[in-house]
Each structure stands twice: as structure tokens, then as C-alpha cells.
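Worksheet for the structure shown next.
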Amino acid sequence: MEATWEKTLSHIKILFVAAALAVIVTLVFCLPAWPCTIAVVSADGSADGRPILWKNFDMSQYWHQQVKYFAGDTAVGGYYLLYHDNDSIWAADSALTPQAGVNDAGFSIVVAAVTDTNILNASVNANTRFLQDATANCVTVVDFENHLSLWHQNNPRHAVSANYAVIDAQGGAAMYEVYMAHKMSFGDTFKYRKYDANTGQVSNHLGNLIQPPQPGFAGYYVRSNFNAFFPNNEGSERARRAEELFAGLAAPGTGAKLSPPNIMRIVSKDVTGKQPSSSTAAKYSTTYCISRSQTRSGVVVEGVAAGESPGLTTFWAALGEPSISVFVPTFVGSGAVSPYLYEDRIGSGTDQSDVSVLNLLEDQRETFKKLIYNSNRGSSLTGPYDTTINKNELAKVQAWTFEIERVLVDYTREFLDNLRNDPSQASPSVMQSFQDHCAWYVYENYAAGSPDAVSW
């Protein structure tokens with residue numbers, strides 16, 4: 001009798017452990033892998049006739065960010081990625097987890113994950129792995145569409161549930177809502193919707209028209225972590241806020257424009273959300289803001305106009321929470337990245353981790369001596385420990401970070417205009433020298449907490 005009871009008790013323990021594990025898995029997999037906000041702007045929708053991509057990346061625990069260049073010998077040449085190293089046991093992607101990419105051909109891409117309600121698919125969602133693969137292989141938006149289909153055929157044991165925004169050097173600009181299921185899943189295994197940012201036309205993976213071109217279309221699309229296939233409204237507050245900010249910049253007669261500097265300053269750094277902009281509270285909730293307690297980086301890609309060299313495509317990266325960071329440019333034609341964006345220590349020549357000195361510097365400003373947050377680190381399950389920002393301290397920091405970024409933007413604009421007027425000067429060495437100077441200028445002034453510790 002006693003043995004029977006022990007056996008029963010053992011079975012109960014096993015069932016309890018199994019149930020607990022099931023709950024944990026469900027919690028992990030039902031959370032968006034990478035809760036981000038993204039947008040694509042067509043050439044016609046932008047201020048200067050060049051397409052734009054934007055992304056804010058949100059994930060509490062992955063504060064470490066860097067940009068690196070990966071040499072290649074394919075049709076696209078090499079490519080650049082902003083990424084972190086994901087060592088989670090739940091990760092379906094490779095350890096390298098990119099959030100944005102651009103290649104030597106001028107093809108650029110950003111991603112926002114969408115939560116799949118099928119646990120099998122959610123557990124093998126390889127949306128960032130696909131991003132890297134597309135960056136390494138695509139030249140045009142059409143290439144991207146072909147790559148979607150081929151990738152699904154060649155990777156049947158993975159799934160992709162995500163929104164992708166892409167641009168190319170030939171004028172292509174579109175938002176894609178994508179769903180690829182694991183081969184063991186039921187129902188449609190591959191489908192997407194394409195939202196053409198040039199026309200407002202919407203079509204599906206079969207080429208069927210869902211919405212014709214839209215007269216008066218403003219030339220941009222915004223997405224967060226839901227789409228037509230999974231309308232779960234994950235991140236709907238961020239999507240609404242981003243739409244509001246983009247609409248304000250695109251509205252005729254306002255004087256504002258959809259330009260990289262305005263998207264960086266007004267959209268990516270937003271800490272207002274649905275709260276009064278006049279608030280200066282020391283404990284200010286960032287839950288529904290675009291730049292919030294778990295935002296870890298920001299990217300703005302400035303494409304090229306018709307006839308311009310793809311090498312002039314500019315990859316602006318803020319390696320840290322954008323509200324407190326400075327966007328630093330990298331030019332596709334440079335074939336390199338400034339060491340400040342990937343080295344662990346300046347002058348070390350080494351990259352032993354996935355953090356960078358600019359990222360470390362921003363993080364120190366954000367959390368050291370609790371200047372901005374008490375603590376904004378966390379996990380996929382808990383989220384950040386503190387979602388409230390000290391807006392008074394933030395305003396003090398932005399008084400000099402905004403000025404650093406303004407100077408950087410002005411000089412970069414002048415530099416690019418000179419190269420456009422005289423393409424013979426657009427050599428990799430010239431571009432590399434300029435972007436290195438930009439990163440140095442940001443690092444020295446940021447470290448000093450001043451807009452003019454060192455002059456340009």
C-alpha cells in the first residue's frame with residue numbers, strides 16, 4: 001500500500017513539473033520575441049526624395065548593441081547589421097540576432113516580430129535569421145519577395161511571423177506582413193501581404209490585388225507587433241503613437257517633413273506617448289512611448305535617390321535608448337564600421353562581446369547613479385524593473401545630446417551633398433574617415449556630458 005502511494009505521489013510530482021514547464025513555455029512563447037516599432041517611407045513621401053526606414057528595438061535584457069560589417073562575395077557584396085547576441089535557451093535564431101541590415105547594393109531591411117498563436121511556430125520563429133539572410137542576398141524589393149518563397153521552401157522546420165520594412169536603391173519601398181509556418185503546422189504555410197509605399201497598393205503572395213493604388217497616399221507605413229494574420233493588437237499603443245507622429249510630419253502646411261533628422265528626433269526619441277507633453281515629473285511612465293524603458297537601440301536608414309550610388313545609403317544607429325542616445329552615421333560605400341560602434345575598448349582592436357564603447361557609454365548615462373532610471377533591466381518574463389523615467393534628468397541630458405546630434409546631422413548633410421555633386425570623391429577611405437570622425441566626436445562629447453567638449 002505504501003509503495004503504491006509513493007508511486008502515485010511520484011506521478012503527481014511528474015505531472016506538476018510538466019504542467020509548470022508548460023506554463024513557462026506558454027508564457028515565453030506567447031510574448032513577442034522582439035517587440036519593436038518600424039516604418040517605411042517612399043521617396044515621394046520623404047522631404048528630399050530618398051526612401052527611409054526606421055526601427056526602435058525593444059527588449060529589456062538585451063541592452064548590449066553593436067554595428068558590424070560582414071564582407072561578402074555575392075551579388076550584394078558585403079553587408080552591415082545592427083544586432084545583439086542572443087544566448088537565450090528559447091532562441092530559435094542563431095546567437096547573432098540582427099534587428100536591421102543594409103548591404104552594399106543599397107538594399108535595407110528592418111523587422112518587427114509578430115506573436116504566433118501556434119506554440120510550435122512561435123518556438124521556431126526565425127524572423128531575425130531570415131533578416132540576415134535577406135540582407136546577404138537581396139538587391140531589390142522583388143528579390144526580397146522571391147527570397148521569401150525560396151527561404152520557406154529551404155527551411156521547412158522554421159517559421160517566420162513578422163513585419164518587414166524594406167527599401168532598395170532602385171526606388172522600391174514596401175512593408176510586408178509575413179507568415180511562414182513549420183511544416184508540421186496546419187493551414188496555409190506561406191503567405192504575405194505587400195503594402196507598396198510608393199502607391200498605397202496592397203497585394204498578397206499570389207499577386208492578387210487587395211487594395212488598388214490610393215490617390216493622395218502619404219507614402220509611408222507604420223507597424224508594431226501585429227498584422228493581418230495575427231491581429232492580436234500587440235503594441236497597438238506604440239503603433240497609434242507612431243502613426244500620430246508620422247502623420248504630423250507628413251501633414252501639408254505644417255512645415256514639418258518626413259526626413260531622417262525629424263524621424264530621429266521626433267519619432268524615435270518620443271517619451272510622451274499618450275501622456276501630456278508638458279509633464280516634467282521625476283517618475284514619468286514610458287510604457288506607451290516610442291522610446292521607452294525597454295528600448296535598446298534605434299535605426300534610421302536613409303536611402304538614395306534615382307541615379308545615385310548605393311554607396312551613399314546611410315545607416316544611422318543609436319546604440320542605446322534613443323531618447324538619451326545620439327544617432328551615428330555609417331555609409332554603405334565605406335566598407336567598414338567605426339570601431340566606436342563595435343569595439344569593447346577604444347583602440348583595443350578587439351571585439352570580444354556584442355557590446356560597443358558607445359553602447360556602454362549610453363548605458364552608464366542611463367543607469368549610473370540612477371540618473372534616468374532606477375533600473376530598467378529585466379527579462380522576457382518580467383519586462384524592465386522600472387518603467388518610469390526621471391524626465392527632469394532626461395531634459396538635462398537632452399540639452400547637450402540634441403546639440404551633438406544637430407551638429408553631426410548638419411555636417412553629414414554637407415558631406416553627402418558634396419559627394420552627390422562630385423561622385424569621384426566618394427571613395428571608401430573618404431567615407432570611412434568621415435564616419436570615424438563622427439563617432440569620435442560623439443564619444444568625446446558624450447563622455448564629457450557636453451555639446452562642445454571637443455570641437456568638430
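The values are calculated or read from the model by the stated rules, or taken from the named source; none is laboratory data. Predicted, not measured: the structure shown is a model, and the values here were computed from it. A quick note on method: Cβ atoms are made from the backbone with ideal geometry, for glycine too, and the neighbour counts reach across all protein chains shown.
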Task: Residue satisfying all of: in region 106-121; within 20 Å of the chain's Cα centre (by Cα) and aliphatic (A, V, I, L, M); surrounded by the fewest Cβ atoms within 10 Å (Cβ to Cβ) among these - done: 113
- [ ] Return yes when residue 195 is touching a Gly at 6+ places or on another chain (Cβ under 6 Å) and among the hydroxyl-bearing types (Ser, Thr, Tyr) and no when it is not.
- [x] no
- [ ] Check region 87-103 and report whether any residue there is β-branched (Val, Ile, Thr), at pLDDT below 95 and not in a loop (DSSP other than H, G, I, E, B).
- [x] yes
- [ ] Please verify whether region 422-437 includes one or more residues that are buried (at least 19 other Cβ atoms within 10 Å of the Cβ) and touching a Cys at 6+ places or on another chain (Cβ under 9 Å).
- [x] no
- [ ] Have a look at 250, 281 and point out the one that is hydrophobic (A, V, I, L, M, F, W, C), crowded, with 18+ Cβ neighbours inside 10 Å and modelled with pLDDT under 95.
- [x] 250
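Restricting the search to region 443-456, which residues are part of a loop (DSSP other than H, G, I, E, B) and without any contact (Cβ under 8 Å) to a residue 60 or more places away in the chain? Full working, then the answer.
Start the filter on region 443-456 by keeping residues that are part of a loop (DSSP other than H, G, I, E, B), which leaves 449-456.
Across region 443-456, the qualifying residues are 450, 451, 452, 453, 454, 455, 456.
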Open item on the list: Suppose we keep only residues that are closer than 23 Å to residue 288 by Cβ and buried (at least 19 other Cβ atoms within 10 Å of the Cβ) within region 364-382. Which one would you say is modelled with the lowest pLDDT?
Closed with: 366
Open item on the list: Among the residues of region 383-400, are any under 18 Å from residue 318 (Cα atoms) and in contact with a strand residue (DSSP E or B) (Cβ under 7 Å, 6 or more places away or on another chain)?
Closed with: no
- [ ] Kindly indicate whether residue 397 is closer than 14 Å to residue 332 by Cα and of a type in the set (Val, Ile, Thr).
- [x] no
Task: Meets criteria (crowded, with 21+ Cβ neighbours inside 10 Å, among the hydrophobic types (A, V, I, L, M, F, W, C), under 27 Å from residue 353 (Cβ atoms) and at pLDDT below 80) for residue 63 - done: no
Open item on the list: I need a count of the residues in region 414-442 that are charged (D, E, K, R) and in contact (Cβ under 8 Å) with a residue 12 or more places away in the chain.
Closed with: 2
